[in-house]
Amino acid sequence: MIRINLLPFRSARKKENIRRQISIFVLSVVLLAVSLFGYHLLLKNRVAAKALAVAEAKAELARLDEKLKEIKEIKTMLETIQRKTAVIENLELSRQSSVRMLDVMAQLVIADQMYLTDLKIGEKGVEVAGIAADNQTIADFMTRLEHSELFKKVVLKSTSANPLKDGRVFQKFSIRTDRKPIERAAKPEAATDKAGK
């Protein structure tokens, strides 16, 4: 009878299986390490890209902040210029209205019947003092003031007789009246636009 010893074959097979399992395990560990390293690089690149985007956004924000400061400065300058322009326009309007008021007042005075001794032009009202030949002249002057385009609410503050040496009597008077608001003259550009149409 022939006997075959299979023990060395089985042990060789066992060793081969162990070697194969160790190889698979080492290969798996190497693949896992490579995968983790690749994922680490991918995340690192993403973080670097996000950091670059954040830095660019911060630089853009700083640039926009500078622009915003410039805009605020320009806005402040424009407001200052507008205030100064409004003051100049008001002064010009006031100057023109005072000249116009004196002109109108000179036209409203009843010639040879009265004359003015005092004229105070205020921001909202005008006080007039003078001497008239009689009360009717004062009443006519007040009527003229009420119908003028510059005055409203004409009030007689006082009147008193002032006798002269030759026997004639003149009336001293004081009148208070409010000013009507003066409309601003149309700007030249607006006038030319209307003319062009």
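Since every read-out is calculated from the coordinates, none of them should be taken as a lab result. This structure is a prediction, so every number in the text was calculated from the model and none was measured. Cβ placement follows ideal geometry from the backbone for every residue including glycine, while neighbour counts extend to all protein chains displayed.
Going through E56, E70, E92, E66 one at a time, which residue ends up being out of contact with any helix residue (DSSP H, G or I) (no Cβ under 6 Å at 6 or more places or on another chain) and under 30 Å from R179 (Cα atoms)?
Working: E56 fails: under 30 Å from R179 (Cα atoms); E70 fails: under 30 Å from R179 (Cα atoms); E66 fails: under 30 Å from R179 (Cα atoms).
On inspection, the qualifying residue turns out to be E92.
Counting just the residues of the range 156-181 that are of a type in the set (G, A, S) and in a strand (DSSP E or B), which one comes out surrounded by the most Cβ atoms within 10 Å (Cβ to Cβ)? That would be S174. On the stretch given as the range 134-155, residues that are outside any helix (DSSP H, G or I), buried (at least 16 other Cβ atoms within 10 Å of the Cβ) and without any contact (Cβ under 8 Å) to a residue 40 or more places away in the chain total 2. If the condition is being out of contact with any helix residue (DSSP H, G or I) (no Cβ under 6 Å at 6 or more places or on another chain) and within 14 Å of S158 (Cα to Cα), then the range 119-140 contributes E127, V128, A129, G130, I131, D134, N135, I138, A139.
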